[in-house]
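Before any comments, here is the structure.
The values are calculated or read from the model by the stated rules, or taken from the named source; none is laboratory data. None of these values were measured; they are calculated from a predicted model. Every residue, glycine as well, gets a Cβ built from its backbone with ideal geometry; the counts of neighbours run over all protein chains shown. Protein only, heavy atoms only, side chains kept; ligands, DNA and RNA dropped before computing areas. Shrake-Rupley method; radii C 1.70, N 1.55, O 1.52, S 1.80 Å.
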Amino acid sequence: QAKARLAKDVRAYALAAIERHSQDGAANGKEVEVDYAWHAYGRWQNEMASIGWPVKLAIRVLYGESFPEPGSHAKAEEAYAKAVDINPRRIVHRVEHGRTLAKLGRYEDAERTLVEAIGMGSDVGDINDQASLQEAHRIVAALRTRGKTRGRSHSTTDSLDLKTGLS
């Protein structure tokens, strides 16, 4: 029950931050960075899209909690793209954008985005950037191994676990 409430709160706080900063930025005539709010919203969209309807139904029945929207990998992709536009130097935004592009079946775009993130390796700011770069390497390797990119043929039944890079 607590996780269901927290999930709703994360979405609400991310959207509130985006709205507040967009109004503040417009009122003050300056760009306000809200890249992490867009990132959080993208993460929320991905997570909700990954939860199957039986689990959502069980949460509603057992705890009386429902989610304001079902979640969408397409909306997550848009949110991560916005985060990258606002702050292109944050590696984590690019990696999550690439992962989401792969979930959408846009394998070439995913590889290009992830390779760009890997190319930023000299800009690693902290341990989170290091972890993100390792994840980018794993996903690119999985895409290439499974023949999802670089013009290789692949079966439509191939599975790709984008969390571990294994099927």
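Residues are listed down the side, and each one gets a yes or a no for (1) at pLDDT 95 or above; (2) within 19 Å of the chain's Cα centre (by Cα); (3) open to solvent by 20 Å² or more (accessible area, probe 1.4 Å); (4) of a type in the set (Lys, Arg):
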| site | (1), (2), (3), (4) |
| --- | --- |
| ILE86 | no, yes, yes, no |
| ALA102 | yes, yes, no, no |
| GLY125 | no, no, yes, no |
| ALA131 | no, yes, yes, no |
| ARG146 | no, no, yes, yes |
| HIS154 | no, no, yes, no |
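Please verify whether the range 56-75 includes one or more residues that are closer than 19 Å to ARG112 by Cβ, in contact with a Phe, Trp or Tyr (Cβ under 9 Å, 6 or more places away or on another chain) and at pLDDT 95 or above.
no
Any idea which of TYR36, TYR13 is under 19 Å from ASP85 (Cβ atoms), of a type in the set (Ser, Thr, Tyr) and modelled with pLDDT of 80 or more?
Every option except TYR36 fails the conditions.
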